[in-house]
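Since the structure comes first, as C-alpha cells, the remarks are kept for the end.
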Amino acid sequence: MPREFDVCGLGNALVDILLELTAEEFAPLGFEKGTMRLVEAPDQKALLATFADHEPRLVSGGSVANSVIGCSQLGGRGAFIGCVADDRYGLHYADEFRRLGIQFANPPLVGEATGTCASIITPDAERTMRTCLAVSSHLAARHVPADTVAASEWLFVEGYLFANPHTGQHAVTAALRAAKAGGTKVALTCSDAFVPEVFGEPFAAALAQSDLLFCNAAEAMAVTKAPSAAEAFAALKAVVPNCVVTDGPNGAFVRYAGAEHHAPAYPCEPKDLTGAGDMFAGAFLYGITHGVPPAKAARAANFLALKVITQVGARLHHGAKEFWESVLSEQ
C-alpha cells in the first residue's frame, strides 16, 4: 500500500538571508570563504547590521528542507520535521511550506526566535554561511512524530543535527527508531565534512542504520579517510548499502540496488555553488520513489543541480518539473 509521503525530512528549519557582496566588501569580514559556521544571535545581528544598506532576499530553507522542497516541486509528496518560532520568520516559513504542499510537522514554538542563515554570495560563486540556529536547535526527540515517519517511504536525515548532542542527536535517534518500526527506509546526508570528522561516533551509528548516504567528495573522504572521491566511493561499499558521491564538475558516482553508475556533470559557469547537493538529493529521491532508473535519476538530478548553481539561491522557484522531464525524454 502506498505511503502518504515519499520523503520525510528531519533537519534544521532556517530562513536564508541572501546577501550578494563584492570581493572588497567581503574581505574585511575575515571569513574563510565557502565555510559554514555557527554563530550566536548578537553576532548574527551585528553582521546583518553591517550590510543594512543592502537588500537581502529571504527564502525558507535549511539543507534537508531544500531537498524536500525539490522533491515536492517534481511532484513528490513531502513532510518536514523541524522547529520554527512564532515570529515573522517562523510564520512565513510555516506558511510557505503549506503553500508548497509540504506537511510541516510541528506548530511554531511560542516566545522563541526562528533560526537564520546569513548566506554571503561573492562574485566567484562561493557562498559563505553564518548560521544562527536559535529555535531550530531545540529540535529534539519529543518533536519527532513517529506516525509521520512511518507514513513515509523515506526518512531523510540532515547531518548538521549531529552537531547538537543534547537535542539534535536525540531527534535523530527517535526518528531512526520510528523508521525501523514502520519499515521506512533511511537516507542520510553528511551536510559538511566537519560532521563525520567531529561527531564521527554518533554519525557512524546512524550510518550503520541507513539505506542510502548522500555526500560530496570532501565528505566522502572524511567518512572513509580515502584520498580521493573515487576511492571513497569504493570504500563506502562496505559501509552503507547505497550511496551517492557528488564531485562537482566530475559528476556523481552512484551505487544503488547493487548497480554502479557515473552521471557526468553538465558544464556551466556557476553563480552560487551552495544548494546543488540539496537539489540533487531531493531530485534523486523523487526519481527512485517514482520508478525512474537510478542512472537516469542521477543524470536528471545533475541537470537540476546545474540550474541551481547558475542562479543565486539554493532553490529553483520555477521550471523544475520541466527541466526534469526534458532530461528523462533524452535517448
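For this structure, a couple of remarks:
- Qualifying trypsin sites (Lys or Arg not before Pro) in the stretch 138-240, DSSP loop, other Cβ atoms within 10 Å at most 12: Lys225
- Principal axis extents of the C-alpha atoms in the stretch 76-203 (largest first, rounded to whole Å): 46, 35, 30.
- The magnitude of the dipole of the chain, with charges of +1 and -1 set on the Cβ of Lys/Arg and Asp/Glu and taken from the Cα centre, is near 900 debye.
- Considering only Ala222, Ala204, Ala118, the mean-square fluctuation computed in a Gaussian network model of the chain, springs between alpha carbons under 10 angstrom, is largest for Ala204.
- Each Lys and Arg Cβ is given +1 and each Asp and Glu Cβ -1; about its Cα centre, the stretch 1-148 then shows a dipole of about 460 debye.
- Per-selection Kirkwood Rh - the stretch 41-91 (Cα, Å, 1 d.p.): 13.5
- Among the GluC sites (Glu not before Pro) within the stretch 16-92, those in coil by DSSP and having at most 13 neighbouring Cβ atoms inside 10 Å are Glu32, Glu40.
- Of all DSSP beta bridges in the chain, antiparallel share, percent nearest 5: 35
- Model label zone, Leu58; criterion: amide N under 11 Å from point 7 Å along Cα-to-beta-carbon; scope the stretch 77-95: 87-94
- Among Met129, Thr173, Leu155 - extreme Cα towards positive end, dipole of the stretch 120-186, charges at beta-carbon: Thr173
- Proximity of backbone amide H atoms, modeled 1.01 Å from N, is registered between Ala85 and Gly90, Leu109, Thr114, Gly115 at under 5 Å, excluding neighbours fewer than 5 places apart on the same chain.
- Karplus-derived 3J(HN,Hα), 6.51/-1.76/1.60, for each residue of the stretch 126-141, Hz, glycine and proline x: 6, 10, 10, 10, 10, 10, 9, 5, 6, 6, 4, 6, 7, 3, 9, 4
- Förster radius 35 Å - calculated FRET efficiency between Glu4 and Thr35, Cβ distance, rounded to 0.05: 0.40
- Cβ-derived FRET efficiency at R0 56 Å, Ala141 paired with Leu328, nearest 0.05: 0.90
- Antiparallel %, DSSP beta bridges [both residues in the stretch 207-331], to 5: 65
- GNM flexibility winner over the chain from Thr114, Thr167, Thr50 (Cα, springs under 10 Å): Thr50
- Under 21 Å of direct C-alpha separation, and excluding same-chain neighbours fewer than eight residues apart, Lys225 reaches these lysines: Lys237.
- Whole-number D in µm²/s for the stretch 1-107 (Stokes-Einstein; Kirkwood sum over Cα pairs; 37 °C, 0.692 mPa s): 210
- Euclidean distance between Cα centres, the stretch 197-245 to the stretch 296-327, Å: 25
- Taking a straight Cα-Cα cut-off under 30 Å and skipping sequence neighbours fewer than 8 places away in the same chain, the lysines within cross-link reach of Lys45 are Lys33, Lys271.
- Dipole of the stretch 178-289 [Lys/Arg +1, Asp/Glu -1 at C-beta], most positive-end residue of Cys190, Gly248, Ala234: Ala234
- Cα-derived Rg to Rh of the chain, Kirkwood definition: 0.94
- Karplus-derived 3J(HN,Hα) values for the stretch 259-273, using 6.51 cos²θ - 1.76 cosθ + 1.60 with θ = phi - 60°, are 10, 10, 9, 10, 9, x, 7, 8, x, 6, 10, x, 10, 7, 6 Hz; glycine and proline are entered as x.
- Length gained when the stretch Ala218-Ala46 is fully extended (0.36 nm per residue, less Cα-Cα span): 58.8 nm
Laboratory data are not the source of any read-out in this text; all were calculated from the coordinates shown. Since the model is a prediction, treat every value here as computed from it, not as a measurement. Reconstructed Cβ throughout: ideal geometry from the backbone, glycine too, with neighbour counts over all protein chains shown.
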